[in-house]
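Each remark here refers to the structure printed beneath this line.
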Amino acid sequence: MQKQGQSIVNNQHDELGEFTQCWLSGVLKHSGAQKVICFLSQVSGTQLFKMAEGDTQRNDQRTIKLTYLEHNHVKNKRLNTDYREFNTLTLCMAEGRNFNLHFSQCSEEIKDLLFEQSEHYSLTDGEVEFMPLKNSQQRVSGVLMFYYPSFSSYKQSDRQTIHTLNSLAVDRLASALKKQQKSLEAKLTSYANNTDIPSDLNIIGNSQAIKTVRLTISKALHINRNVLVTGETGSGKELIAKAIHQFGNRRNEPYVVQNCASIPEHLLESELFGYQKGAFTGADRDYIGLIRSADKGILFLDEIGDMPSSLQAKLLRVLEEKKVRPLGSTTLYDVDVKVISATHQALIKKIEQGEFRQDLYFRLAQFPIALPALREREGDVALLSHFFANNYAQEQHQATPELTKEFIEYLTTYSFPGNVRELKNIIERCCMEAPESKKLDKIVIIQVLNELMMMTPQRQNENQQTGSLSSQIEQFEKTVLMAYLEKHQGHLQTVANRLELSKGSLDYRLRKFNLSAKEWRY
Ligand SMILES: Nc1ncnc2c1ncn2[C@@H]1O[C@H](COP(=O)(O)OP(=O)(O)OP(=O)(O)O)[C@@H](O)[C@H]1O
């Protein structure tokens with residue numbers, strides 16, 4: 001598509017490409033800007049990608065370049081997951097309002113997006129504007145970033161016409177892009193899988209389940225939405241909260257933790273909301289409370305399912321009004337906190353039973369993350385075992401033990417009711433019990449598991465709390481057989497006697513579970 005005085009670089013020869021060109025040409029013309037770059041958010045997510053840019057000066061001609069869905073741009077780290085450096089861009093996206101900066105105030109990343117590095121130095125003036133693109137439902141779908149050579153050119157831009165053009169374009173772009181969503185998201189997923197996010201987030205695991213969780217977390221890093229993390233005990237909920245703080249846009253702000261189950265109701269209330277001197281007996285000073293201490297940062301509320309109803313109502317008010325009133329005070333204080341809450345309980349069930357407020361649930365679960373149990377993360381037991389063994393050896397200034405194949409194979413048959421925390425504990429105990437050779441084999445793991453089983457008699461039952469009744473009974477039967485084989489070093493007649501089974505019946509059961517008594521003869 002060629003217009004008078006324009007050189008168009010169009011790498012998308014389709015209807016959407018043509019439409020985008022018309023729209024951006026219009027926007028450029030009415031803005032008086034030298035440059036415009038269009039970023040759109042991923043259709044079902046929060047990542048931004050660069051879709052198109054227009055430059056009135058390149059080669060002294062008006063150039064519109066479409067870059068959307070280009071593989072190298074999707075892969076380009078700076079334009080996607082890792083856009084935490086794009087503070088103003090992200091802010092514009094999150095808050096849905098315009099921002100202006102003098103070019104010299106922009107971050108290096110923003111400057112790099114607008115110009116080649118060598119060009120930065122010659123620019124002494126210029127205004128950068130970030131304008132949210134809203135669809136007909138007022139949802140922010142992207143951002144237009146303009147560069148004006150001077151403040152006066154910015155002042156002269158025809159905002160009204162630009163807004164009209166945008167409102168005409170955004171829905172159309174969104175629906176056209178939706179059609180291409182699958183291929184884009186596949187690329188973004190493979191991009192995310194190929195980066196070093198795993199070590200970045202300190203969340204170890206290579207299973208599909210944990211990759212999906214990491215991808216979800218990367219979306220939660222830079223948006224000001226409350227996050228609810230659900231998962232079994234010891235599965236890493238707090239680790240996720242820490243990662244969101246450590247790698248998200250609030251990383252330089254406070255991270256405040258409160259466990260809602262560990263203290264009585266009145267103490268929890270004063271801890272969270274603070275109090276004024278004299279508010280109750282013992283209140284001998286003003287206390288700002290944890291919510292205000294977390295201002296601009298993150299408040300992590302662990303075991304949120306145990307929060308008493310009266311406090312649920314109070315917390316809801318804080319989240320809705322963004323204001324806190326300490327006990328005994330009449331003053332309301334503004335607060336800006338991102339709440340990450342965690343629970344191992346089924347909150348939906350608690351809502352049905354009238355024990356948890358539905359309105360609070362929706363406030364807390366603006367961004368839900370469901371953490372899979374360790375037994376659902378294929379291959380991760382081995383990875384985590386090596387990780388914990390390495391850590392332990394480093395802490396103790398010892399050589400890292402070798403985890404043999406049989407050790408790992410045996411370990412992976414266990415169902416880890418205590419999840420990653422339990423695995424960590426088991427590996428550390430195995431390291432303590434390691435023979436001089438530093439070789440951890442099956443004997444070590446069997447011993448340690450048996451010791452743990454003896455220490456927690458109810459453990460066998462806890463260990464079976466998933467699956468159908470018959471599969472739980474089978475798992476229990478297998479555990480008992482292994483424990484007796486271990487105890488009697490694979491002596492079949494003794495095991496049969498102790499379990500009051502005929503030798504034939506014991507043989508049949510061992511075959512059923514693919515167990516060989518030989519392995520216990522040491
Ligand atoms: N994917 C992981 N990679 C490395 N360490 C992990 C991982 N998941 C959990 N851990 C470790 O396991 C232990 C338990 O994790 P965490 O305390 O986050 O679990 P939780 O779900 O919050 O537990 P609870 O339900 O008891 O509050 C911690 O030492 C944590 O560092």
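Odds and ends about this structure:
- In order through region 483-495: 3J(HN,Hα) via Karplus (6.51 cos²θ - 1.76 cosθ + 1.60), integer Hz, x for Gly, Pro: 5, 6, 4, 5, 4, 10, 6, x, 7, 5, 4, 5, 4
- Pair Thr494, Asn450: separation of 7 Å Cα→Cβ label points (nm): 0.9 nm
- The packing ranking, built from the mean of other Cβ atoms within 10 Å per residue, places the peptides 109-115, 165-171 in the order 109-115, 165-171, highest first.
- Under 5 Å from the amide H of Phe300 lie the amide H atoms of Val256, Val257, Gln258, Ile340, each residue being 5 or more positions distant or on a separate chain, with H modelled from the backbone and absent for Pro and chain starts.
- Across region 206-221, rounded Karplus estimates of 3J(HN,Hα) from the backbone phi angles (6.51 cos²θ - 1.76 cosθ + 1.60, θ = phi - 60°) give 10, 5, 4, 4, 7, 4, 5, 4, 5, 5, 5, 4, 4, 6, 7, 5 Hz, Gly and Pro being marked x.
- Relative contact order [Cα under 8 Å, 6+ residues apart], region 383-430, whole percent: 48 percent
- Total charge dipole magnitude, region 375-520, about the Cα centre, Cβ charges on Lys, Arg, Asp, Glu only, Debye to nearest 20: 340 debye
- Cut-off 10 Å between beta-carbons: net charge of the residues surrounding Phe513, Lys and Arg +1, Asp and Glu -1: +2
- Residue order, fewest to most beta carbons within 10 Å, for Val213, Val335: Val335, Val213
- Evaluating 6.51 cos²θ - 1.76 cosθ + 1.60 at θ = phi - 60° for every residue in region 423-431, the Karplus couplings come out as 4, 4, 4, 4, 5, 5, 5, 4, 4 Hz, glycine and proline recorded as x.
- In this structure, the amide hydrogen of Lys439, modeled 1.01 Å from its nitrogen in the peptide plane, lies closer than 5 angstrom to those of Glu402, counting only residues at least 5 positions away or on a different chain.
- For Lys323, the residues whose modelled amide H falls within less than 5 Å of its own, excluding neighbours fewer than 5 places apart on the same chain, are Val335.
- Packing around the peptides 339-347, 501-509, 286-294, taken as the average count of other Cβ atoms within 10 Å per residue, puts them in this order, highest first: 339-347, 286-294, 501-509.
- The distance separating the Cα centre of region 201-266 from that of region 293-308 comes to 12 Å.
FYI, it's all coordinate maths here, none of it is from the lab. Everything quoted here is computed from the prediction, not taken from an experiment. Using ideal geometry, Cβ is built from the backbone for each residue, glycine included, and neighbour counts are taken over all protein chains shown.
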